[in-house]
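The structure appears below as structure tokens.
The values are calculated or read from the model by the stated rules, or taken from the named source; none is laboratory data. All of these numbers come straight from a predicted model, not from anything done at the bench. Backbone-built Cβ (ideal geometry, glycine too); neighbour counts: all protein chains shown. These accessible areas exclude ligands, DNA and RNA; they are computed on the full protein's heavy atoms, side chains included. Shrake-Rupley method; radii C 1.70, N 1.55, O 1.52, S 1.80 Å.
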Amino acid sequence: MKRIALLTSGGDGPGLNPCIRAVTRQALKKNVEVFGVRWGYAGLLGNDMIPLLSRDVSGILGRGGTFLGTARCPEFIKIEVRRTAIRHLNQRGIEGLVVIGGNGSLAGALALHEMGFPTVGIPATIDNDIGGTEIAVGVDTALNTIVEAIDRIKDTASSHQRAFLIEVMGRDCGYLALQSGLAGGAELILVPERQDISLEHVAEVVVDAYTRGKSHCIIVIAEGWKPGTRALEDYLLSRKEDVGFDVRVTVLGHLQRGGRPLVFDRTLAIRMGAAAANALLAGESGKMVALHDGKLELFPLDEAVKALKPLDPLLLKLASVMD
Ligand code: F6P
């Protein structure tokens, strides 16, 4: 290959810039030209690509977000749309593509591979829901952001003797809630994987914390947990007299996705970026770079996007012991 492209797609997260830098510099070292696609798959359709030289990726290592831009591009599911994307790549003489992103983005990468365009993926999503890799780029920094927020909320919760419902990201996967709840000392963690916990049970946990003389009760909730944070707030407020604590809600939202990537994510991004470029240039396609027992390996994209990564049941159990 003489020319490749790369793109970041879907929800952003810390570590995308170090990834872009690593793919670019590794490919350039092998005398391969690199194009950066702007705005993810939407940029492939709009033919919005820029050549990247080593200096173009200087100074981005410590910056959050993605300097190439990203987007959600639901129309990429259509084959005729992907055909246009491949046509634009071919017109520029681009022979391979690195896709950096989460589940939906990697499904797009798989579809391109299946249409015969050489494509390699890098798992990057704060949700850590991609099968086949222990961790994705962005997860560690996001977790640190969340735990810092929980620590801060706990300060004010204790001062006022309040229960706090802290909602974190995770539409389908409770990984962020579980890990941050454990590290942040939550009294209860609510995840989409466990829909069997009733509002009554949550109220009992709050009452129990109050009765045991705790100065706060922290409940970390993944956004995908049903019936949802607001329903739980309404329920606890309706039982204001008997739950003990006054209740407040904090939805952390997109602040979890921003910020400077921490060392773990920078290192992971650099390792995965270089490995993805090397794999693509060695003729690999339809694979994703994955971390397994501390080492990088190639994992089939079709398996990675098929199943959500399950939560560690031992950690769930451990969290309930630490309340
Ligand atoms: O997929 C990553 C994620 O951060 C989810 O946890 C969250 O539900 C979603 O993105 C939010 O997406 P958007 O930025 O498009 O609102």
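For the reader, a short list of remarks on this structure follows.
- Residue check for Val289: touching a helix residue (DSSP H, G or I) at 6+ places or on another chain (Cβ under 6 Å) and surrounded by 20 or more Cβ atoms within 10 Å (Cβ to Cβ): yes
- Residue match in region 58-72 (condition: crowded, with 16+ Cβ neighbours inside 10 Å and among the hydroxyl-bearing types (Ser, Thr, Tyr)): yes
Matching residues to (1) polar (S, T, N, Q); (2) over 16 Å from the mean Cα position of the chain (by Cα); (3) open to solvent by 10 Å² or more (accessible area, probe 1.4 Å):
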{"residue": "Ile100", "(1), (2), (3)": "no, no, no"}
{"residue": "Thr125", "(1), (2), (3)": "yes, no, yes"}
{"residue": "Gly132", "(1), (2), (3)": "no, no, yes"}
{"residue": "Val137", "(1), (2), (3)": "no, no, no"}
{"residue": "Asp140", "(1), (2), (3)": "no, no, yes"}
{"residue": "Ser158", "(1), (2), (3)": "yes, yes, yes"}
{"residue": "Ile166", "(1), (2), (3)": "no, yes, no"}
{"residue": "Met169", "(1), (2), (3)": "no, no, yes"}
{"residue": "Gly184", "(1), (2), (3)": "no, yes, no"}
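- Matching option when the condition is in contact with a helix residue (DSSP H, G or I) (Cβ under 9 Å, 6 or more places away or on another chain) and not assigned by TED's automatic domain parsing to the domain that holds Asp246, among Ile146, Ile166, Ile126, Ile150: Ile126
- Some residue of region 204-223 being at positive phi, surrounded by 14 or more Cβ atoms within 10 Å (Cβ to Cβ) and under 18 Å from the mean Cα position of the chain (by Cα): no
- Residues that are within 30 Å of Leu176 (Cβ to Cβ) number at least 2 in the following helices (runs of 4 or more DSSP H) confined to region 1-120: 16-29, 40-45, 103-114.
- For Gly283, the requirement of being within 16 Å of the ligand (Cβ to nearest atom), more than 17 Å from Asn103 (Cα to Cα), open to solvent by 20 Å² or more (accessible area, probe 1.4 Å) and part of a loop (DSSP other than H, G, I, E, B) is not met.
- Residue within region 234-252 that is within 28 Å of Phe35 (Cα to Cα), open to solvent by less than 30 Å² (accessible area, probe 1.4 Å) and not polar (S, T, N, Q) present: no
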